[in-house]
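Visitor: Mind looking over this structure? Questions follow.
Every number in this text was worked out from the coordinates using simple rules, so none of it is lab data. For clarity, every value in this text was computed on a predicted model and none was experimentally measured. Glycine gets a Cβ as well: all are built from the backbone with ideal geometry, and neighbour counts include every protein chain shown.
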Amino acid sequence: MSPIVKRVLVGFVGGLITLIGVVALVAPGPGWLIIFTGLGILASEFAWAARVLTSAKGVASRAADAAKIQKKHQLLIFAGLSLASLLFLVIWYEYLR
């Protein structure tokens, strides 16, 4: 696969996932988790997305520190949300589509 085709494909998939995350902010769903996933995909090819993702991680970390959530609990919450998202996608794919 040529580098340009890969870059366009990564841009399309990452952008689409990020937009789905934006929709999930107002609809039921883990919006921020999906947005971070989309930005992570985009960051694999685009420097601006890597900068945005780094900035967003810093904001999320500061917000968690302000909420006085211990690092261990932050990781447990993140793992739980990730697992819930994965389970939701599997259930949706297998039974609801």
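Visitor: For the stretch 72-83, what does the Karplus curve 6.51 cos²θ - 1.76 cosθ + 1.60, with θ = phi - 60°, yield as ³J(HN,Hα) per residue in whole Hz, taken in order and with x for Gly and Pro?
Guide: 4, 6, 4, 5, 5, 5, 4, 5, x, 5, 5, 5
Visitor: Using +1 on the beta carbon of Lys and Arg, -1 on that of Asp and Glu, and nothing else charged, what's the dipole of the chain about the Cα centre, debye to 20?
Guide: The dipole magnitude comes to about 280 debye.
Visitor: Further question on the same structure: Along the charge dipole of the chain, Cβ charges K/R +1 and D/E -1, which of 86, 60, 19 sits furthest on the positive end?
Guide: The residue sitting most towards the positive pole is 60.
Visitor: For the chain, what's the relative contact order in percent, using C-alpha pairs closer than 8 Å and at least 6 residues apart?
Guide: 19 percent
Visitor: Please give the direction-averaged projected area of the C-alpha convex hull for the stretch 31-74, in square nanometres with one decimal.
Guide: 3.3 nm²
Visitor: Taking θ = phi - 60°, what integer Hz values does the Karplus form 6.51 cos²θ - 1.76 cosθ + 1.60 yield along the stretch 23-39, in sequence order, with x for Gly and Pro?
Guide: Going residue by residue, I get 5, 5, 5, 9, 9, x, x, x, x, 5, 4, 5, 4, 4, 5, x, 5 Hz, with x marking Gly and Pro.
Visitor: Please compute, over every Cα-Cα pair in the chain, the percentage with a separation greater than 23 angstrom.
Guide: Here the tail beyond 23 Å accounts for 35 percent of pairs.
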